[in-house]
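For reference, the structure discussed in these notes is given below.
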Amino acid sequence: MTDFALSERPAFFGAVLPTSAALAASERTGLGIATVTARRGRAGELAETVRAAFGVSLPSGPKAVRSGGLTFVGTGPGTWLAFQDGGGWRFARDLAERLGPLASVCDQSSGYGVLRVAGPKTRATLAKGVPVDLHPAAFRPGDAAVTLASHVGIVLWQVDEEPTYDIAVFRSLAGSFADWLAASAAEFTAVPGH
């Protein structure tokens, strides 16, 4: 009889990610990820509870707000993706306990992978498949979008002016997204192993 042990693997495990001074992509691992949906008629109370508990105002549109290691990204009316640095799967459970009857909270820690992409050629690379105007006059730090990159659904938000973006991708499409990103960045980067 053979013993099998399961081991946790990041969403982008084995993917070849572009890296250079022009553009570098790296996976953000260890994140706790959860969807948060306000219950009917409770959005105002939810916003007050989040403000009191975490010191952050929930965005009312496609924005990302951060306090310490916690980020809320507005993904639709009364709906957010929440991320906690180092939170793991316990994050959703703990968040659900704190928000009680005000919101439905669902763990997404194994469902998404998140890449951080930064560098001076990041906008030019993303423009090859993301149908969002990422020009600094149109899309600034804290702005977010639920959109596509080529054929892959993503949640994208700008972290800083460098520009740095975080991009959440369903785990099942992480390899496809990584391949697209590497091909789109090829003119600006040297991709290891290619």
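List, largest first, the extents of the alpha carbons of the range 1-100 along their principal axes, each in whole Å.
Projected onto its principal axes, the Cα set of the range 1-100 covers 51, 48, 23 Å.
Please check the chain for the longest run free of trypsin sites (Lys or Arg not before Pro) that are loop-located per DSSP (anything but H, G, I, E, B) and have at most 14 other Cβ atoms within 10 Å.
Counting at most 14 other Cβ atoms within 10 Å as exposed, the longest clean stretch of the chain is 41-127.
So how long is each side of the chain along the principal axes, counting just the alpha-carbon atoms, biggest first, in Å?
Result for the chain: principal-axis Cα extents of 62, 51, 28 Å.
Could you tally the net charge around residue 156, taking each other residue with its Cβ under 11 Å from the Cβ of residue 156, Lys/Arg +1 and Asp/Glu -1?
The answer is -2.
What does the extension gain come out to for residue 93 and residue 127, with contour length at 0.36 nm per residue minus their alpha carbon separation?
Using 0.36 nm per residue and subtracting the Cα-Cα distance, I get 8.6 nm.
Tell me the carbon and sulfur percent of the accessible area for the range 38-110, rounded to whole percent, probe radius 1.4 Å.
50
Quick one: putting +1 on the C-beta of Lys and Arg, -1 on the C-beta of Asp and Glu, what dipole do you get for the chain around its Cα centre, in Debye to the nearest 20?
Charge dipole of the chain: 380 debye, to the nearest 20.
I'd like to check one number: the per residue accessible area of the chain, probe 1.4 Å, reported in Å² as a whole number.
50
At a probe size of 1.4 Å, how large is the accessible area of residue 135, to the nearest 10 Å²?
110
Provide the net charge surrounding residue 75, with neighbours chosen by a C-beta distance below 14 Å and charges set as Lys +1, Arg +1, Asp -1, Glu -1.
-1
The values are calculated or read from the model by the stated rules, or taken from the named source; none is laboratory data. The shown structure was predicted, so the numbers you read here are calculated from the model rather than taken from an experiment. Reconstructed Cβ throughout: ideal geometry from the backbone, glycine too, with neighbour counts over all protein chains shown. Heads up: the accessible areas ignore ligands, DNA and RNA and are worked out on the full protein's heavy atoms, side chains in. Shrake-Rupley method; radii C 1.70, N 1.55, O 1.52, S 1.80 Å.
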